[in-house]
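Undergrad: Have a look at this one.
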Amino acid sequence: ACRPADTFGIGWYYSGSSSQIGDILTAVAGPIGNGQAVELFYNYELTPAIRLTPDLQVIVPARQEVDPSLIVGMRAQLIF
């Protein structure tokens, strides 16, 4: 309530792969399944012209030979 210009959010996606992925693609990329990810962010207004947005993402890729990833990020926005 004391920070009305701040925002936060959560997002999720799911990507279903076709069961008919070709042999050539599977030979190059390895086994392919379904991918998904979730992201959390908080948009902090320092001033009306400056915003900082830290975010956290967890990604489970469709390529089954690739490990899930944890990504921590920070974005700065200057509005003029």
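The values are calculated or read from the model by the stated rules, or taken from the named source; none is laboratory data. Being a predicted model, the structure only gives us computed values, none of them experimental. Positions of Cβ are generated from backbone atoms using ideal geometry, with glycine treated the same way; all protein chains shown enter the neighbour counts. Surface accessibility is based on the protein's heavy atoms, side chains included, excluding ligands, DNA and RNA. Shrake-Rupley method; radii C 1.70, N 1.55, O 1.52, S 1.80 Å.
Undergrad: Just want the answer: with Cβ charges of +1 for Lys and Arg and -1 for Asp and Glu, which residue in Asn43, Gln64, Ser19 is farthest toward the dipole's positive end in the chain?
TA: Asn43
Undergrad: In square angstrom, what is the accessible area per residue of the chain with a 1.4 angstrom probe?
TA: Accessible area per residue, the chain: 76 Å².
Undergrad: Less than 14 Å Cβ to Cβ from Ile71, Lys/Arg counted +1 and Asp/Glu -1: what total charge do the surrounding residues give?
TA: Around Ile71, the charge tally is -2.
Undergrad: Output needed: percent of Cα pairs per 10 Å distance bin for the chain, bins running from 0 to the one holding the longest distance.
TA: In order of increasing distance, the bins hold 16, 32, 23, 17, 10, 2 percent.
Undergrad: Let me ask you something else. Compute the relative contact order of the chain as a whole-number percentage, counting only Cα pairs closer than 8 Å that sit 6 or more residues apart in sequence.
TA: Worked out over the chain, it gives 28 percent.
Undergrad: Could I ask something else about it? Might you report the magnitude of the Cβ-based charge dipole of the chain about its Cα centre, with Lys and Arg at +1 and Asp and Glu at -1, to the nearest 20 debye? Walk me through the intermediate numbers first.
TA: On the way: 4 positive and 7 negative charges, 46 e Å.
The dipole magnitude comes to about 220 debye.
Undergrad: While we're looking at this one, here's another question. Can you list the HN-Hα couplings for the stretch 5-18, worked out from phi with the Karplus curve (6.51, -1.76, 1.60; θ = phi - 60°), rounded to whole Hz and with x for Gly and Pro?
TA: Calculated HN-Hα couplings, in order: 8, 6, 9, 8, x, 9, x, 9, 9, 9, 10, x, 8, 5 Hz.
Undergrad: Can I ask one more? Per residue of the stretch 72-80, what does 6.51 cos²θ - 1.76 cosθ + 1.60 with θ = phi - 60° give for ³J(HN,Hα)? Whole Hz please, x for Gly and Pro, Karplus curve as stated.
TA: Values, residue by residue: 10, x, 9, 10, 10, 10, 10, 9, 9 Hz.
Undergrad: OK, next. Give the carbon-plus-sulfur fraction of the accessible surface of the chain in %, rounded to a whole number; probe 1.4 Å, heavy atoms of protein chains only.
TA: 62 percent
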